[in-house]
Amino acid sequence: MMRKLLSATLGGALFMLGTSVASATPWFMKTDDGLGGAFAISDIATVDGHFTITLAGLNGDLDFRSVTNEHDVIADGQVTVDAGPPAPGGLHITSTFDDRLIFKGLYSADFSQLTTAGIDSLLFGSSGSTLGALGKTVNFAYNGNAYLFTGILPPGLGYIDGSLAVTINSITASGMTLGVTENCLGGTCIEQFLHNLNAVYGPSTPGIAGTFSITPGSMLSVPEPASLALLSAGLVGLGIVRRKKAA
């Protein structure tokens with residue numbers, strides 16, 4: 001009987017460990033050689049659920065994988081954003097991420113249209129073809145707290161709840177235009193944050209533009225805390241059974 005109980009407890013713990021590892025993707029977005037270029041964010045004068053991001057002069061790479069129902073995202077590397085006047089003093093951000101938590105909550109990312117087409121990575125400033133991604137849409141859903149801008153830029157993101165549909169409207173070897181549709185269910189949300197930031201530039205400015213660079217780095221997903229808690233409980237139970245057997 002004790003052997004059966006020990007086997008059941010160990011089996012349950014290993015099952016929970018397998019579930020936790022299987023559900024956790026080691027990373028979902030990274031750049032091995034860095035990525036940089038110019039950006040422009042438009043259609044943010046009013047908050048209507050739609051805005052556009054234009055990237056030009058891109059040089060580097062971007063690799064991504066699908067993530068589903070994960071909790072917590074951490075980042076490594078360095079991000080620099082430089083958007084000069086007309087904002088007072090311009091907008092200059094250099095942030096270094098070293099296993100830094102940037103999102104805590106529940107999210108999902110659907111890259112199915114991209115990966116189904118065999119497009120796992122985009123190479124810019126090279127002869128690599130990226131036209132297969134044209135017209136594809138990536139869907140994101142999120143519910144939790146975003147820390148990426150909090151403490152760096154007022155008003156920050158903080159709590160966000162909603163979803164994004166990002167469609168690749170145009171793409172070349174050195175640039176792309178993304179159409180973003182957001183369904184904001186709570187919190188500041190992304191378009192509202194950009195709208196508030198755009199107000200710093202003044203009502204006569206139609207958007208935010210500048211340059212950015214990302215050093216070789218990654219955004220990683222980590223296992224769901226609940227799964228780790230269940231695993232810990234299973235291992236504790238295993239320890240209790242072993243102590244009883246020894247007694």
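For the reader, a short list of remarks on this structure follows.
- Length available on full extension from Ala56 to Leu185: 0.36 nm per residue minus the Cα-Cα distance, which gives 43.3 nm.
- Remark: accessible surface ordering of Lys30, Lys104 (largest first) is Lys104, Lys30, probe radius 1.4 Å.
- Close amide H contacts of Leu91 (hydrogens built in the peptide plane, cut-off under 5 Å, sequence separation of 5 or more or a different chain): Ala83, Gly84.
- Extension gain from Ala40 to Leu134, taking 0.36 nm per residue of separation minus the Cα-Cα distance: 31.9 nm
The values are calculated or read from the model by the stated rules, or taken from the named source; none is laboratory data. Treat the numbers as computed from the prediction; the structure is a model and nothing was measured. Note: areas computed on protein heavy atoms with side chains; ligands, DNA, RNA excluded. Shrake-Rupley method; radii C 1.70, N 1.55, O 1.52, S 1.80 Å.
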